[in-house]
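Colleague: Can you read through this structure? Questions will come right after.
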């Protein structure tokens, strides 16, 4: 369920150098702040996983970075989406277009 507005976040990964551990710590702190915001509560209110499209109770959705922190992504509203725990765990450090939620974990 890749949306056109996500292209900016993906392009971001191509131009950022590998992040330092300090960068990653700062971005995780930003994500924690956003997780408690009204913006995030509204974003996950639909209960729909960004990747597989299945419906979940909103509290069960996790915050996922379209461009993972390890690949230079940032904790910005344009780079964060609600994801079910299964998709978030299976996606790991992949970019959104590299992840197929319909594949089996062995693929």
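The values are calculated or read from the model by the stated rules, or taken from the named source; none is laboratory data. Predicted model only: the values in this text are computed from it and were never measured. With ideal geometry, Cβ positions are generated from the backbone for all residues, glycine too; neighbour counts draw on all protein chains shown.
Colleague: Determine the pairs where a residue that is on the phi > 0 side of the Ramachandran plot and surrounded by 15 or more Cβ atoms within 10 Å (Cβ to Cβ), located within the stretch 39-65, has a partner that is at pLDDT 95 or above and not in a strand (DSSP E or B) with Cβ atoms under 7 Å apart, the partner being 6 or more residues away or on another chain.
Modeller: 47/56; 47/57; 47/58; 47/61
Colleague: For residues that are touching a strand residue (DSSP E or B) at 6+ places or on another chain (Cβ under 8 Å) and assigned to a loop (DSSP other than H, G, I, E, B), tally how many sit in the stretch 57-73.
Modeller: The total comes to 3.
Colleague: Can I ask one more? Right, residue 3: under 15 Å from the mean Cα position of the chain (by Cα), loosely packed, with under 13 Cβ neighbours inside 10 Å and at pLDDT below 90 or not?
Modeller: yes
Colleague: For the stretch 83-93, check the following and say yes or no: at least one residue is over 25 Å from residue 25 (Cβ atoms), in a loop (DSSP other than H, G, I, E, B), out of contact with any strand residue (DSSP E or B) (no Cβ under 8 Å at 6 or more places or on another chain) and at pLDDT 95 or above.
Modeller: Scanning the stretch 83-93 turns up no residue that is over 25 Å from residue 25 (Cβ atoms), in a loop (DSSP other than H, G, I, E, B), out of contact with any strand residue (DSSP E or B) (no Cβ under 8 Å at 6 or more places or on another chain) and at pLDDT 95 or above.
Colleague: Taking the stretch 9-31, which residues are modelled with pLDDT of 90 or more and touching a strand residue (DSSP E or B) at 6+ places or on another chain (Cβ under 9 Å)?
Modeller: Passing the criteria: 27, 31.
Colleague: Follow-up question, since we're still on this one. So, in the stretch 73-91, exactly how many residues are in contact with a helix residue (DSSP H, G or I) (Cβ under 9 Å, 6 or more places away or on another chain) and surrounded by fewer than 18 Cβ atoms within 10 Å (Cβ to Cβ)?
Modeller: The total comes to 4.
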